């Protein structure tokens, strides 16, 4: 493999961690108590992907588990990519998912306040 087309694992891991830390700060700066509900993080992303009628009736934890499974699989796939182009594709998906996640969580929290 051409070394100019690869990205070291240390850099991949660092970028991945930075994306999650930025997400954490984006969640807790406006609402510090959001740390308590960190396990519900995928709900923000699922807000845009799953119709409202699917929530509740015992499906909430299943949907959250699917959301976390998405992040676990994406992390495994992203960190395994040695080629720069493939890694950045996975990283872009992660960043978009986290952005939607934060937006969805803020939307849900603001909806609860009203």
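The values are calculated or read from the model by the stated rules, or taken from the named source; none is laboratory data. The model shown is predicted, which means the values in this text are computed figures rather than measured ones. Cβ sites come from the backbone with ideal geometry, for glycine too, and all protein chains shown count toward neighbours.
Structure notes:
- Taking the criterion of being under 18 Å from residue 34 (Cβ atoms) and modelled with pLDDT under 90, the only residue of region 61-76 that qualifies is 64.
- Enumeration of residues in region 9-24 that are surrounded by 14 or more Cβ atoms within 10 Å (Cβ to Cβ) and touching a helix residue (DSSP H, G or I) at 6+ places or on another chain (Cβ under 7 Å): 12, 15, 16, 19, 23
- Residue match in region 4-24 (condition: within 16 Å of the chain's Cα centre (by Cα) and not in a helix (DSSP H, G or I)): no
- One residue from 64, 94 being in contact with a helix residue (DSSP H, G or I) (Cβ under 8 Å, 6 or more places away or on another chain) and within 29 Å of residue 7 (Cα to Cα): 94
- Residue tally, condition surrounded by 13 or more Cβ atoms within 10 Å (Cβ to Cβ) and under 18 Å from residue 98 (Cα atoms), over region 31-67: 17
Yes/no per residue for (1) closer than 23 Å to residue 47 by Cβ; (2) more than 13 Å from the chain's Cα centre (by Cα); (3) touching a residue at least 24 places away in the same chain (Cβ under 8 Å):
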{"site": "68", "(1), (2), (3)": "yes, no, yes"}
{"site": "71", "(1), (2), (3)": "yes, no, yes"}
{"site": "79", "(1), (2), (3)": "no, yes, yes"}
{"site": "86", "(1), (2), (3)": "no, yes, no"}
{"site": "91", "(1), (2), (3)": "yes, no, yes"}
{"site": "97", "(1), (2), (3)": "yes, no, yes"}
{"site": "101", "(1), (2), (3)": "yes, no, yes"}
{"site": "110", "(1), (2), (3)": "yes, yes, no"}
